[in-house]
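Reading through the structure tokens given below for one structure.
The values are calculated or read from the model by the stated rules, or taken from the named source; none is laboratory data. Treat the numbers as computed from the prediction; the structure is a model and nothing was measured. When we count neighbours, we look across all protein chains shown, and the Cβ atoms used for this are built from the backbone with ideal geometry, even at glycine. Side chains included, ligands, DNA and RNA excluded: accessible areas come from the protein's heavy atoms. Shrake-Rupley method; radii C 1.70, N 1.55, O 1.52, S 1.80 Å.
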Amino acid sequence: MKRIIQGLHEFQTNYFNTHRDLFELLSQGQHPRVLFITCSDSRIDPNLITQTEPGEMFIIRNAGNIIPPYGATNGGEGAAVEYAVHALAVQDIIVCGHSHCGAMKGLLKIDKLADEMPTVYQWLKHAEATRRIMKEHYQDYEGEQLLNAAIEENVLTQLENLRTYPVIQSRLKSGQIQLHAWVYEIETGQVLEYNPTTGKYMAPQAMFSRAAWITPEQQERIYKGSHKS
Ligand SMILES: [Zn+2]
């Protein structure tokens, strides 16, 4: 805890002082363009890996970067999604999974969790589609290969869950919002984005959200058939 208090002091005397104008502006309101959804894992720092400043990204974090489908729970995730899309009018939603994800390891051994961590067990039910896809389509995978595939599939599952929100459906229809599936690799710092055309994760600069080669409607249609089958 001492380390945290020291950091707080350092922030106030150094960073804050050199960014006073920014914080003064932010005190008047927030206008983030992006909703960033990622895991609670301590090894991920959304602002660090995207080199963004306070105010640029609305962020939701939880175990396994999971968004329960619309109406499935009365939890904070749905409220944060609705607020970001309706009130803040974010233009892009990024779901960012990551390598070595403990939540995805748990999902692959879900039966063991029921007894030891019943709350995690219940939570991971919102990733049931991921578990089922892994079970039925990745029988020949094991170890790290299986985990990495689960991490990738889960990000796509969560995009499907996001699409169950009426507020997102409506903005997808009018092309006002785009959904992105990312996976961050801790050991290399690399981020790959799912490319619905190739069905593979690729470097994100190859498919910027505003790229002219694909319309939001096309993207939505392709994304709908995105799971490996
Ligand atoms: Zn994780």
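Counting only residues that are within 16 Å of the ligand (Cβ to nearest atom) and of a type in the set (Lys, Arg), which one in segment 79-127 is farthest from residue 61 (Cα to Cα)?
By that ranking, first place goes to 109.
So which residues in segment 172-198 are farther than 17 Å from residue 147 by Cβ, open to solvent by 50 Å² or more (accessible area, probe 1.4 Å) and touching a residue at least 60 places away in the same chain (Cβ under 8 Å), if there are any at all?
176 - this is the single residue of segment 172-198 that is farther than 17 Å from residue 147 by Cβ, open to solvent by 50 Å² or more (accessible area, probe 1.4 Å) and touching a residue at least 60 places away in the same chain (Cβ under 8 Å).
Given the residues 58, 16, which is the only one that is under 25 Å from residue 189 (Cβ atoms) and more than 16 Å from the ligand (Cβ to nearest atom)? Reasoning before the result, please.
On the way: 16 fails: under 25 Å from residue 189 (Cβ atoms).
It is 58.
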